[in-house]
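Below is one structure, written out as C-alpha cells; comments come after it.
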Amino acid sequence: MRIAVCGSIATDHLMTYQGRFADSLVPDQLAKISVSFLVEDLQFRRGGIGANISFGMARLGHQPVLVGSVGEDFASYRSWLERHGVNCDHIHVSEVRHTARFVCTTDEDMAQIASFYAGAMSEARGIELGPIMSAVGGLDLVMVSPDDPQAMLRHSAECRSRRIPFAADPSQQLAVMDGASIRQLVDGATYLFTNEYEAHLTEQKTGWSAEEILDRVGTRVITRGKDGATILRQGEEPIEVPIAAPVERVDPTGVGDGFRAGFLAGLAWELPLERCAQLGSTLASYVLETVGTQEYTFDADEFVARFTDGYGAEAGAEISAHLA
C-alpha cells in the first residue's frame, strides 16, 4: 500500500530552569510582567505529528509519503527523516516562514512557560494531493493528522472527491475546531483515530452519538492508555486490544503517534485490525520508554520478541515474516 501521512512537522526546544517560576512572579504586577530565567539545559527534539507517524512507519520498513509544510530551516531534519526511510519529496517549503516550533521552559515544580509558533504549518492549506498521487503512482490511504485546520479539511474533502480512502485523526485540533468543521473532517473516513477523551469530545462537538459516528466512518479506533485500545465497527463486536507489555514510563509525548504508525504499518501489510492495533501498541511502548518522539531504536528480532511476549507466538510469527 502507498500511504501518505499529512500532518504537522515541527521542532521542540526544551529548557530546564533550576528554580521556581512562582518565586519570580508578583501577583499584583502580572499586568506589567517582565522576567527572564537563566536555564541550565537545552534539548532539541524533532517532532510534529505527521513526522512522528511517518518516522514510526519507516522504522517498521515502510516508506510513507510525508505531506506538510516547513521552512528553509528544515534541511537537517529532512536529512534525518530521509535517512530513516521517509519520503520527503512532497513537503512544501515556505519562502517566508520558519518550520513550526514549540519552545518550552520547565521549572523544578514541573510548571511550564511555553510558546508555539505555527509558522510554515499555516501554508499546508495550499497543498493539493492530486499532483502527489500522480508522482507516486497513486495512493491507497491518506492519513489526515493534526495540522493547519484548513489543510486538514482540504485533504479530507479531496480524498472524498477523488475516492481515496482516508483516516481522520483530529486529536489536538479538536479543541480549536468547531462542530461543523469536525463533522466535515471525519465524515466518510475509512478510519477515525482518537483517544478516549477525544472520542467523547468528538461526540459532544459534532452533536453525533457514538452510533451516528459509526454510521459515517468505517472503523473507529479509540486508544485508552494503559487499558489498551478498542476497535469499533458497525454491526460487529468491539475488538479489545491490551497493551503489549508494561514498560518504564519515561516520556508519554508521541505515544499516540507511535500507535498510529504501527496500526498503519499493519494496514499496509494487510493484517487483521486486531493485529494492526497490537503492532501499534508495541511500537508505542518504545516511544513511552524513551525521551523524545523519534529517538527510540530496535532491530527486527527485538521487536518481534516484545510483540510475541505481549500477544503470543502465533501473532509473533505472523509479523516476523513482514519485518524480515
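The values are calculated or read from the model by the stated rules, or taken from the named source; none is laboratory data. Source: prediction; values computed, not measured. These accessible areas exclude ligands, DNA and RNA; they are computed on the full protein's heavy atoms, side chains included. Shrake-Rupley method; radii C 1.70, N 1.55, O 1.52, S 1.80 Å.
Given springs between every Cα pair under 10 Å in a Gaussian network model of the chain, which of E314, E158, E295 has the largest fluctuation?
E314
Please work out the average accessible area per residue across the range 260-302, using the 1.4 Å probe convention, and give it in Å².
Accessible surface, normalised per residue, equals 29 Å².
Would you mind telling me which residue in S36, S145, S122 has the biggest mean-square fluctuation in a Gaussian network model of the chain, where springs connect alpha carbons within a distance under 10 angstrom?
Fluctuation is largest for S36.
With a 1.4 Å probe and every protein chain kept in, tell me what percent of the accessible surface of the chain is carbon plus sulfur.
48
From the convex hull of the Cα coordinates of the range 1-144, what is the mean projected area in square nanometres?
With every direction weighted equally, the projected area is 10.9 nm².
Cut-off 10 angstrom, C-alpha nodes, Gaussian network model of the chain. Which of A31, A124, A300 fluctuates the most?
In the Gaussian network model the winner is A31.
What is the Cα coordinate range of the chain on the first, second and third principal axes, sorted by size from largest, in whole angstrom?
59, 43, 41
Given H placed on each backbone N at 1.01 Å, which residues far from F166 in sequence or on other chains put an amide H within less than 5 Å of it?
Long-range HN contacts for F166: V142, T190, Y191.
So what is the accessible area of the range 2-121 per residue, in Å², with the probe set to 1.4 Å?
Value returned for the range 2-121: 51 Å² of accessible area per residue.
What share of Cα pairs, in percent, lie more than 15 angstrom apart in the range 73-123?
59
Output the antiparallel fraction of DSSP beta bridges having both residues in the chain, as a percent to the nearest 5.
So the antiparallel bridges in the chain amount to around 45 percent.
Can you pull the Rg over Rh of the range 165-282, Cα-only, Kirkwood?
0.95
Would you work out the Kirkwood radius for the range 142-220? I mean one over the mean of 1/r across all pairs of different Cα atoms, in Å.
The answer is 12.1 Å.
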